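Right, one structure below, let's go through it.
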Amino acid sequence: MTGGDTNISDRWAAEYYLPQFEKAIKVGNVREIMTAHVAVNGVRMAANQFYNQHIARDTFGFNGLFTSDW
């Protein structure tokens, strides 16, 4: 797999990475998210249903467009 793979726990993501994304979505009225080519826990971000659907859409209320940087 080229582009790298990062393994992080759900807790680490929730405490250290996701608060900035939540604020950008909720306060900044983000309309588009460009996903990285890298993988998180073995799943490329462009196809990562956990982060794209569950976190961004269902939890943070994002209703915009996802695009890939690939």
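The values are calculated or read from the model by the stated rules, or taken from the named source; none is laboratory data. The shown structure was predicted, so the numbers you read here are calculated from the model rather than taken from an experiment. As a convention, Cβ positions derive from the backbone with ideal geometry for all residues, glycine included, and neighbour counts pool all protein chains shown. Ligands, DNA and RNA are stripped out before the accessible areas are found, and what is left, the full protein with its side chains, is counted by its heavy atoms. Shrake-Rupley method; radii C 1.70, N 1.55, O 1.52, S 1.80 Å.
Observations
- The mean accessible area for residues of the chain, using a 1.4 Å probe and ignoring ligands and nucleic acids, is 70 Å² per residue.
- The chain: antiparallel DSSP beta bridges as a percent of all, rounded to 5: 25 percent
- Oblate is the label for the chain, because the ratio a/c of its alpha-carbon gyration tensor axes (a ≥ b ≥ c) is 1.5 or higher and a/b is not greater than b/c.
- Paramagnetic label zone (point 7 Å from Cα along Cα-to-C-beta, TYR16; backbone N under 16 Å) in the range 33-70: 40-41
- The chain, accessible surface, carbon-and-sulfur percent (1.4 angstrom probe): 56 percent
- Helical mean residue ellipticity (222 nm; -39500 (n - 2.57) per DSSP H run of 4+; nearest 500) of the chain: -3500 deg cm²/dmol
- Taking a Cβ cut-off of under 15 Å around TYR17, the surrounding Lys, Arg, Asp and Glu residues balance to a net charge of -1, with basic ones at +1 and acidic ones at -1.
- Label-to-label distance, nm, for residues given as THR6 and VAL27 (7 Å Cα→Cβ offset): 2.1 nm
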